[in-house]
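In what follows, a structure is listed as structure tokens, so that the remarks can point back to it.
Just so you know, all these numbers are worked out from the coordinates, no wet-lab data involved. If you're wondering where the values come from, they're calculated on a predicted model, not measured in any experiment. Counting neighbours? That spans all protein chains shown, and the Cβs are built from the backbone with ideal geometry, glycine included.
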Ligand SMILES: CC(C)(COP(=O)(O)OP(=O)(O)OC[C@H]1O[C@@H](n2cnc3c(N)ncnc32)[C@H](O)[C@@H]1OP(=O)(O)O)[C@@H](O)C(=O)NCCC(=O)NCCS
């Protein structure tokens, strides 16, 4: 069971509430409504994958990317606290990057809080490189965003 426990799936209607719950847990300072998440299902630009825990029957992680004019904006990636450091975010990222390559996307860009060392290590382990900084980009608390990119 354990080896098939975590399943990578394209997000569908049944996952929307679960994605919202993971988002709320992981990004307490930000808002992403259930309605906005649901809209991603029909947004032609959006690519969203979830990690489904077949044992607990719930969403434990997700990645949301927008493919716009040949480039990818990585909006969010998150894994629930109790399931971290099992390689689940890496599986989500690999799936998004594979799809991006299939769709001829040339690069991925993302922003990350300067203090979010865990996420920064994660992105750097995939070869993302720091290309800039947006001063006071985040609120609650106010913080600089680091801009990272990977050429595909
Ligand atoms: C960042 C996040 C998505 C990583 O999820 P995860 O499933 O734990 O990541 P993985 O297990 O796939 O990690 C893969 C590799 O990334 C690196 N990494 C991941 N989290 C790390 C951390 N907290 N500290 C240092 N390195 C880390 C490691 O190299 C890790 O490999 P290892 O476990 O063999 O050392 C998760 O910590 C999270 O949801 N954080 C809160 C939300 C967030 O900040 N998202 C990013 C917003 S920009």
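Return the calculated 222 nm mean residue ellipticity for the chain, to the nearest 500 deg cm²/dmol, obtained by summing -39500 (n - 2.57) across DSSP H runs with n ≥ 4 and dividing by the residue count.
So the helix-based figure for the chain works out to -8000 deg cm²/dmol.
Can you tell me the 0 to 90 degree angle between the C-alpha axis of helix 88-102 and the longest principal axis of the chain, rounded to 10?
Orientation of helix 88-102: about 70 degrees from the principal axis.
Would you order 32, 52 from fewest to most other beta-carbon atoms within 10 Å of each residue's own beta-carbon?
Least crowded to most crowded, the residues run 32, 52.
Determine the relative contact order of segment 13-152: mean sequence separation of Cα pairs under 8 Å and six or more apart, normalised by residue count, in whole percent. Display every interim value, and only then the final one.
Working: 227 pairs, mean separation 25.7, N = 140.
About 18 percent, as a whole number.
Please check which bits of segment 11-26 a label hung off residue 38 would reach, taking the label as a point 7 Å along Cα-to-C-beta and the cut-off as backbone N under 18 Å.
Backbone N within reach: 11-24.
Report, to one decimal in Å, the Kirkwood hydrodynamic radius for segment 92-142 based on all distinct Cα pairs.
12.6 Å
Using a 10 Å cut-off around each Cβ, can you sort 93, 133, 51 from fewest to most neighbouring Cβ atoms?
133, 93, 51
Determine the shape class of segment 7-67: with a ≥ b ≥ c the square roots of the Cα gyration tensor eigenvalues, call it rounded for a/c under 1.5, and otherwise prolate if a/b is greater than b/c, oblate otherwise. All intermediate terms of the calculation are to be shown ahead of the outcome.
Values: a/c = 1.74, a/b = 1.14, b/c = 1.52.
Verdict is oblate for segment 7-67.
What ranking do 23, 62 get, fewest neighbouring Cβ atoms within 10 angstrom at the top? Walk me through the numbers before you get to the answer.
Values: 23 21, 62 28.
By the 10 Å Cβ count, ascending: 23, 62.
Go ahead and run the numbers for FRET between residue 30 and residue 4, Cβ-Cβ distance against an R0 of 41 Å, rounding to 0.05.
Taking R0 as 41 Å, the efficiency between residue 30 and residue 4 is 0.80.
Any chance you could check the Cα centroid distance between segment 7-30 and segment 58-98 for me, in angstrom?
What the calculation gives is 11 Å, centre to centre.
How big is Rg to Rh over segment 2-151, alpha-carbon atoms, Rh as the Kirkwood inverse-mean-distance radius?
0.94
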